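Visitor: Below is a structure I'd like to ask you about.
Where a number appears in this text, it was derived from the coordinates with a stated rule and is not lab data. Computed from a predicted structure; not experimentally measured. A quick note on method: Cβ atoms are made from the backbone with ideal geometry, for glycine too, and the neighbour counts reach across all protein chains shown.
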Amino acid sequence: MTRLNYEHNGSKKTDSKMSLLSYRVSDFILFNIFFLLAFQNAFQKLFGGAFAYIDEFSALLLCCWAVFSMHGHKTRYCMISRYLLLINSLLLLLGLCGNLLYKLQPAYQAIAIDAFACSKFIISLISSVVILQKRSVIELASSFAKLILPLLLILYFLNQFIDLGLSSGERLGYSFLFGHPTNFAATVVCLISILLLDVKSNRLFIVCGLLVLCATGRFKAIGFAFIIAAAVFLYSNKKKIPLSFILLAGCGALFLVYDQISLYFFDSTTARSVLLSTSFDVANMHWPLGSGLATYGSNASADYYSSFYYSLGFPSVYGLGPMNHDYLVDSFWPAVIGQCGYIGLLLVAIIFVLLFSMSRKAVDHGVPLWASFAIPIYLLIASTSEASIFSSYSVLLAMTFAMLTADSNPFHVGESDE
C-alpha cells in the first residue's frame, strides 16, 4: 500500500511505504464510518432497526467531530464554504417561512426531519473536509474499492447461473445485498470515484466497477458509467473538461436515458410527470416562499401524508397515494420547486454551481480532473429522478467528495481565498 500525494500537475507520486501501523486510530474510525455508510442499505435490509439511521447519526457525528477539532484553533473558511452554509441556511429559512405562513404540514416532527434531510449533505461535506485534512483514510478506502469491485463483478456473473439472491428482479437488476439497486449504485459510484485518483494504475478495477454499475439496470447509473468510460478511455489526461467531452457525454447519456425521460416527464399520466407539473402549480399558489418543508415531494411529506395531497388529487395517481407513495419520495427538483418555490430552485442551482466550483479548485490544487468532478456529476444525474443531495446516500457522497478533495483544496481549516 502506498501513500499517494498529487502534485500540481495531477501526477501520482509514491511518497512512502505504509503499513497498517502507520495509520492513526482516527483513520480507522473514519473508514468504518465510510464502510457503514456505503453498506447502510444492505445492513438495513438484513437487520433493520437502528441501521436505518446510520446516515443521520454519521452526519451528526462528523459535525461534532469537526467542531471539536476546531476548538481552540483559529479557523477561517474560503468563500465556497461560506456560500454553501449561507445558501443552505437561506433554503431552510425559506421552507420554514412557508410552513409558518401556509400551515400545510401540522406535524412539527415532519418539518424537523425534512429540515435535517435538506441539510445533512452540506453539514457532512463541510465537516468531512475539516476532519479529513492530512489523514490517510482515502488510502484505506482505495484498497477496499480494489478488493470489493472485482468481487461484486464475480458474484454478478455467478448469480446468472446460480440464484445467490443478489438481484431485485429482471427490470431492476443487480443489487447485491442491498434493498434497492439505486442505493447499491450510489455505493459503487463512490468506490469508482476514489479509484479515479489514479486512472493508470486502477484502470482494470474501474472497468470492473463500471460493469457492476451497468448491471444494476438503473438508467442513471448506466449514463454515469458511459460518462466515466469516455473520460477514462478518451480524456484521461485532461486538466479541464473539453467541450467535445461535454457534447459526447451529453449526447450519449441522453440517448441511453431518452426513453426514461420521455416516460417520466412527457407522459402526463405517470407519477413523476404529475409530480413535476404540479410542483409549478404549487409554487405559483404559494408564491414566493413555496408550500414549506415536509409538504411536497419529500420523504417526510410521504410519511406524514397531509390533506394537501388530497386537494391536489394525488391519491388517484398510482405511486402518489397514501398507501403506495413510492414515486412521491422519488424526486428532487419537484420537491425543491414545490416546497421552496422558484427562489428555492435558484438557491439549489447555486449549490450545484458551488460544488462544481469546489471541484475546479481541487483540480487547480493537483487533484485529478475526473476524481474531482465524479461526485457532483452523479449528484446532478441522480437529481433527475432521485432525492440526490436530500437522499439517504447523500452523506456517503459528501464524505467521499471530501476525501477526494480535502488534502489539496482551499476549503479547509487554516486557508482562505480571501
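Visitor: Can you pull out the trypsin sites (Lys or Arg not before Pro) in the range 142-228 whose DSSP state is coil and whose Cβ has at most 14 other Cβ atoms within 10 Å? Spell out each step's value before the answer.
Guide: Values: sites: 146, 171, 200, 203, 218, 220; in loops: 171, 218.
Qualifying residues, ordered by number: 171.
Visitor: With runs of 4+ DSSP H residues as the only contributors, calculate the mean residue ellipticity of the chain at 222 nm using -39,500 (n - 2.57) per run, divided by the residue total and rounded to the nearest 500.
Guide: Details: 16 runs with 261 residues, N = 418.
Helices in the chain give a 222 nm mean residue ellipticity of -21000 deg cm²/dmol.
Visitor: Quick one: dipole size for the range 295-416, taken about the Cα centre, charges +1 on Lys/Arg Cβ and -1 on Asp/Glu Cβ, in debye to the nearest 20.
Guide: Here the range 295-416 has a charge dipole of around 180 debye.
Visitor: Hey, if you put +1 on the Cβ of every Lys and Arg and -1 on every Asp and Glu Cβ in the chain, which of 157, 91, 48 ends up farthest toward the positive end of that dipole?
Guide: Final value for the positive-end residue is 157.
Visitor: Please give, to one decimal in nm, the separation of the simple spin-label points placed at residue 29 and residue 159, each 7 Å out from Cα toward the Cβ.
Guide: Distance between the two pseudo-spin positions: 3.5 nm.
Visitor: Sticking with this one: Mind checking which of 227, 168, 385 is farthest towards the positive end of the chain's charge dipole, using Cβ charges of +1 (Lys, Arg) and -1 (Asp, Glu) about the Cα centre?
Guide: The listed residue farthest towards the positive side: 227.
Visitor: Please work out which option in (i) 35; (ii) 50; (iii) 40 gives percent of Cα pairs over 32 Å apart calculated from these coordinates, and answer with its label.
Guide: Answer by label: (i).
Visitor: Over the chain, calculate the relative contact order: mean separation of alpha carbon pairs under 8 Å at least 6 apart, over the residue count, as a percent.
Guide: Reported relative contact order: 27 percent.
Visitor: Among 179, 191, 246, pick out the residue whose Cα is farthest towards the positive end of the charge dipole of the range 160-257, where Lys and Arg carry +1 and Asp and Glu carry -1 on C-beta, about the Cα centre.
Guide: 246
Visitor: Got a sec? How would 307, 26, 372, 119 order by Cβ neighbour count within 10 Å, fewest to most?
Guide: 307, 26, 119, 372
Visitor: Next up: In whole Å, what is the distance between the alpha-carbon centres of the range 340-407 and the range 107-165?
Guide: 14
Visitor: Assigning unit charges at the beta carbon (Lys, Arg +1; Asp, Glu -1) and nothing else, what dipole magnitude in debye, to the nearest 20, does the chain show about its Cα centre?
Guide: 1080
Visitor: While we're looking at this one, here's another question. Would you list 71, 365 from fewest to most Cβ contacts within 10 Å?
Guide: With the sparsest Cβ surroundings first, the list reads 71, 365.
Visitor: Oh, and also: Under the Karplus relation 6.51 cos²θ - 1.76 cosθ + 1.60, θ = phi - 60°, what is the ordered set of whole-Hz ³J(HN,Hα) values for the range 290-305, x standing for Gly and Pro?
Guide: Taking θ as phi minus 60°, the curve returns x, 7, x, 5, 6, 10, 8, x, 9, 4, 5, 5, 7, 5, 10, 4 Hz for the range 290-305.
Visitor: Separate question: For residue 167, which sequence-distant residues (separation of 5 or more, or a different chain) have an amide H within less than 5 Å of its own amide H, given hydrogens modelled in the peptide plane?
Guide: 175
Visitor: Can I ask one more? Within a 10 angstrom radius of the beta carbon, how do 139, 56 rank from fewest other beta carbons to most? Please list the in-between numbers first.
Guide: Values: 139 21, 56 15.
With the sparsest Cβ surroundings first, the list reads 56, 139.
Visitor: Exposed loop sites here are chymotrypsin sites (Phe, Trp or Tyr not before Pro) in DSSP loop states with at most 13 other C-beta atoms within 10 Å. What is the longest stretch of the chain lacking them?
Guide: Of all site-free stretches, the longest is 1-160.
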